[in-house]
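Here the structure comes first, spelled out in structure tokens, and everything after it is commentary.
The numbers here are math on the coordinates, done by the rules we state, and not lab data. Bear in mind that the values here come from a model prediction, so they are computed numbers and not experimental data. Note that each Cβ is placed from the backbone with ideal geometry, even for glycine, and that neighbours are counted across all protein chains shown.
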Amino acid sequence: MYASTLTILHLAFLLLPITSLSPFPSPLHVPTRPPPVPANPYLWCQLPTPYNWTVIDSSHVAVTHPTTTPFYLDYTAQIQTVYKSRAAAKSSLLRACRPNHFPNITPLKVIDTTFGLGSDAITLAALHATSNHPLSIFGIEQSPAPYELSYAALDHLHSSTPHNITLIMADANTILHHHRNHLTNGTATLVDFEYVDLIYVDVMFPAKKGSASPKKGMGMLRDLLPAVNVTRDCELVDLARAIIREQGGGRVVVKRDRKSPTLSEDKPTFVVGEKERVRFDVYLY
Ligand SMILES: C[S@@+](CC[C@H](N)C(=O)[O-])C[C@H]1O[C@@H](n2cnc3c(N)ncnc32)[C@H](O)[C@@H]1O
């Protein structure tokens, strides 16, 4: 009896300093982050000078540069534009990404390996929503600046328009590599779904020689991204194709500048928008 009372007292004593410390400072807490946005609780990256973050209002966070107006994403406005635009419904993007089949029950599963500012993903999701074939998009973005902007915009959009888009900050080559292993060996994967209808790849095109970096959107963010690495980009396409092939069907769509070479030694099954500013190399399985 005496011994057990002692043990309880002992335990209580041991726990005291721990409980007195609570609540624990969150390991995710970053003190420099200005309230109340961004929505993303995971990071608030430091941008290289002269770029900076600014809070526009309670729901918008923007990147600033001295030579331009603050840049932020508004997916609600973008979706409205897509709905109004007849051109979008006939766009090469939509034609390239049209699925092999339309499952009646489940949404089409898409991995956007290069989410960037989410423009293509949002356009596709909006167009599919109107055609009664909803998409479920798993987005991957490697760079903190576009990731932050897109994450905040997705979060804001969700409050008015619930959507099926998740976004993680990671290297898509690594994620696809693990997913491929998962399909063959059953090891862990971060991808939300087993079967993927479409893997979308839109790596940065090399900057045009002599052109000053445009200070808007992706042009502005180009300064904040790692240099183009064609070997890595080709590996990404190879991995995407291997996954779709090995799972037994689906498509890989690779967006390219009109004059850029394909990112694979194999010829695409077909090309959409060959004569336009950008084309889409489609690999069908
Ligand atoms: C041309 S942008 C994509 C634009 C996007 N499709 C849109 O509509 O906004 C290319 C993006 O892919 C990202 N990226 C390139 N390689 C990647 C990789 N291996 N993993 C994850 N993101 C990658 C870059 O950081 C950049 O933000």
Going Cα to Cα from Lys267, which aspartates and glutamates come in below 15 Å? Please leave out same-chain ones fewer than 8 positions away. Asp238, Asp281
Could you give the nm distance between label points at Lys84 and Asp266, where each point is 7 Å from its Cα heading toward the beta carbon? 4.3
Additional length obtainable on full extension of the chain from Ser160 to His133, 0.36 nm per residue less Cα span: 7.7 nm
At a 10 angstrom cut-off on C-beta neighbours, averaged per residue, how do the peptides 182-189, 193-200 rank from highest to lowest? 193-200, 182-189
State the extension gain, in nm to one decimal, for the chain segment bounded by Val230 and Glu246, taking 0.36 nm per residue of separation less the distance between their alpha-carbons. 3.4 nm
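Using the Kirkwood formula over every pair of different C-alpha atoms, what hydrodynamic radius in Å results for the stretch 68-284?
17.8
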Cα-Cα P(r), the stretch 120-167, percent of pairs per 5 Å interval: 5, 20, 30, 26, 13, 4, 1
Going down the table (Lys90/Lys255; Lys84/Lys259; Lys255/Lys275; Lys109/Lys275), which pairs top 20 Å between alpha carbons? Lys84/Lys259; Lys109/Lys275
Checking rank on 244-252, 119-127, 63-71, with mean other Cβ inside 10 Å and highest first, the result is 119-127, 244-252, 63-71
